[in-house]
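For reference, the structure discussed in these notes is given below.
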Amino acid sequence: MNRPRQNKDLEVLCQVLRQLNRFSDRLWRQKKDLQGSSLTPSARSNYDRLIIAKYPTEDKDFEDIESNASKLGKIELGQFYMPPLEGNKDFIPLLWVECDFKTSPPKAEFRVGMYRFLSGGKPQCLGFRFEMHNTSSNHNYYHVQVTPRPHPEVDCDYADWIPDEIPCVLLPAKNAVSLVLCMLISFYGRRISEQMISQMNIDKKYKEPLAFLSPASCS
């Protein structure tokens, strides 16, 4: 992949993450999920408790995030809250991003930790890795895996017996941007496409993973 293409992918990735952050922040402030239903008391409580340790990324932070991404050719985020969930409502999805566009192919890794508090003390946690490895790996394709501890810096109770190497579930992604879209569809289904992704002014090639939903999703 050439440098102009890498720079374009990085630029669009920042655009998608900024829009996702705005979309997510609005829903958390309204205390609503994508369907418009009110959040459960436990979801609101879990969110309020988790942001004490990991304060949400704000829209104003993206000025520095995008500037650093442009200079360094990579992006790292560790306290990015995704929208409230419709299923498994008590869990709070926290996204961790690490992408390096200086490599060929670019490294892309998105870890989503699902956190909840059952009582006092540490939260429970289960995570998923959406990623692509380098060409020397047996898993050098876009895939998702379960991971017991997606954010090492968050102190939590996790099941260390969960396998974190297999299975590597194949995803219809071709770059870091379409990998993010696959991730969002995995957690939110058609609604995230209808309410956010399909309305974004980005090249159709990035929306190819949405083609199985409906032709309109790729417009």
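FYI, it's all coordinate maths here, none of it is from the lab. Not measured: the values here are computed from a predicted model. When we count neighbours, we look across all protein chains shown, and the Cβ atoms used for this are built from the backbone with ideal geometry, even at glycine.
Where does the chain land at 222 nm, in deg cm²/dmol rounded to the nearest 500, when only DSSP H runs of n ≥ 4 count, each adding -39500 (n - 2.57), divided by all residues?
Here the helix-only value at 222 nm equals -10500 deg cm²/dmol.
Any idea how far the Cα center of segment 4-43 sits from the one of segment 123-144, in Å?
So the separation of the two Cα centres works out to 22 Å.
Please give me, ordered by residue number, the GluC sites (Glu not before Pro) of segment 148-219 that lie in loop per DSSP and have at most 11 other Cβ atoms within 10 Å.
Filter output for segment 148-219: Glu153, Glu165.
Who wins for biggest fluctuation among Leu85, Leu118, Leu179 in a Gaussian network model of the chain, springs between alpha carbons below 10 Å?
Answer for the Gaussian network model of the chain: Leu118.
Among Gln79, Gln124, Gln199, determine the one that fluctuates most according to a GNM of the chain built with springs between C-alpha atoms less than 10 Å apart.
Gln199
Between (i) 16.9, 51; (ii) 21.2, 63; (iii) 17.1, 55, which matches Rg and Dmax of the Cα atoms in Å calculated for the structure shown?
Checking each listed value against the structure points to (i).
Within segment 10-84, which chymotrypsin sites (Phe, Trp or Tyr not before Pro) sit in a loop by DSSP and count at most 14 neighbouring Cβ atoms inside 10 Å?
The qualifying sites: there are none.
What residue among Gly113, Gly73, Gly121 shows peak mean-square fluctuation when the chain is described by a Gaussian network model with Cα springs under 10 Å?
Among Gly113, Gly73, Gly121, the largest mean-square fluctuation in the Gaussian network model of the chain belongs to Gly121.
Can you pick out the pairs among Lys107/Lys205; Lys8/Lys32; Lys174/Lys207; Lys71/Lys102; Lys89/Lys207; Lys60/Lys205 whose Cα atoms lie more than 22 Å from each other?
Cα-Cα > 22 Å for Lys8/Lys32; Lys89/Lys207; Lys60/Lys205; rest within.
Express the relative contact order of segment 3-193 as a whole percentage, based on alpha carbon pairs under 8 Å and six or more residues apart in sequence.
Relative contact order for segment 3-193 comes out at 17 percent.
With r defined as the distance between the Cβ atoms of Asp160 and Thr103 and R0 fixed at 35 Å, what FRET efficiency is calculated, to the nearest 0.05?
0.70
Are there GluC sites (Glu not before Pro) in segment 1-68 that DSSP puts in a loop and that have at most 12 other Cβ atoms within 10 Å, and which ones?
Values: sites: Glu11, Glu58, Glu63, Glu66; in loops: Glu58.
Sites meeting the loop and neighbour criteria: Glu58.
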